[in-house]
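Report on the structure given below.
Every number in this text was worked out from the coordinates using simple rules, so none of it is lab data. Since the structure is predicted, the reported quantities are computational estimates derived from the model, not experimental observations. Glycine also receives a Cβ, built like all others from the backbone with ideal geometry; neighbour counts cover every protein chain displayed.
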Amino acid sequence: MPSNKKHYVITAISLGLIAAASGGIIAAVNLITRDQIKRNEEAKIKTGLVSIFGNDVEIKEDKDLDSYKYVNHYYSLNNDNYVFRTTGSNSYGKISLLLGFSLSKEEEKQYNFVGLYVVVDEQTYASTLEDKYIAPVNDGSRNYEDVSCGATFGAKLVRDMINEASDVAQGYIRKD
């Protein structure tokens, strides 16, 4: 075998072995960490539910939804409370939220937005979004439709998520 071909064969075999070893390491790490990642996510969701509705929260129903742009999960809680998990992204990054809705005391079968909890915020201006938009929306000092905050594109994304979840609450829950 000419030395040129031998060099190419050795290079190809070496790269193949490196790729196989890398794949094996990735698979092993996944086996070790996937259960912990799932437990951490469940704990974060539980923390969010408690943050929105308090310590006496109890999940009655928990299901995936797949026919919406942002809303991807639904939790039915005690006391006519509902939470929707939403995920969306824009050119500034990804954000995932829990959005709480509660049955209105004044209007029959009307669900009002009561609060949100950030599960993942990878927005470029995450701290601005959280400090100047999300926190004031949660404490009631800002209407969620008012998106002027220094992280306007992130705020618009959050507003759109809340609006879609509200539409889902009015339509989906009313069918129950």
Query raised in the report: For Ser76 and Ala12, what is the calculated FRET efficiency with R₀ set at 35 Å and r taken between the beta-carbons, to the nearest 0.05?
Result: 0.05
Report summary line: Non-local residues with an amide H under 5 Å from the amide H of Gln123, with H modelled 1.01 Å from N and Pro and chain starts lacking one, are Lys94
Query raised in the report: What share of Cα pairs, in percent, lie more than 28 angstrom apart in the chain?
Result: 38
Report task. For Arg142, enumerate residues with amide H under 5 Å from its amide H, sequence gap 5+ or separate chain, H modeled in the peptide plane. Result -> Val137
Query raised in the report: Using the alpha-carbon atoms, what tilt in degrees (0 to 90, nearest 10) does helix 152-172 show relative to the longest principal axis of the chain?
Result: 70
Report summary line: From fewest to most C-beta neighbours within 10 Å, the residues Phe153, Phe53 line up as Phe153, Phe53
Query raised in the report: Charges only on Cβ, +1 for Lys and Arg, -1 for Asp and Glu: so what's the dipole of the chain about the Cα centre, in debye to the nearest 20?
Result: 1040
Query raised in the report: If the chain between Gln110 and Arg39 were fully stretched, how many nm would it gain, using 0.36 nm times the residue separation less the Cα-Cα distance?
Result: 22.2 nm
Query - Selection from Tyr70, Asn40, Tyr82, by position along the positive dipole direction of segment 1-124 (Cβ) - result: Asn40
Report task. Kindly write out, for segment 15-24 in residue order, the coupling ³J(HN,Hα) from the Karplus curve 6.51 cos²θ - 1.76 cosθ + 1.60 (θ = phi - 60°), rounded to whole Hz, with x marking Gly and Pro. Result -> 5, x, 5, 4, 5, 5, 5, 4, x, x
Requested in this report: Order by neighbour count: His7, His73, fewest other Cβ atoms within 10 Å first, most last.
Outcome: His7, His73
Report task. Check cross-link reach from Lys44 to the lysines: straight Cα distance under 22 Å, and skip same-chain residues fewer than eight apart. Result -> Lys60, Lys63, Lys94
Report task. Go through segment 48-108 and name the GluC sites (Glu not before Pro) that are in a DSSP coil and have 13 or fewer other Cβ atoms within 10 Å of their Cβ. Result -> Glu58, Glu106, Glu107, Glu108
Query - Cα→Cβ-extended label distance, 7 Å offset, between Glu58 and Lys132, nm - result: 4.3
Query raised in the report: Residue by residue through segment 70-85, which ³J(HN,Hα) values in whole Hz follow from phi under the Karplus form 6.51 cos²θ - 1.76 cosθ + 1.60 (θ = phi - 60°), with glycine and proline marked x?
Result: 10, 6, 10, 8, 9, 10, 9, 10, 5, 6, 6, 10, 9, 10, 10, 8
**Report entry** Qualifying trypsin sites (Lys or Arg not before Pro) in segment 65-117, DSSP loop, other Cβ atoms within 10 Å at most 16
**Finding:** Lys69, Lys105, Lys109
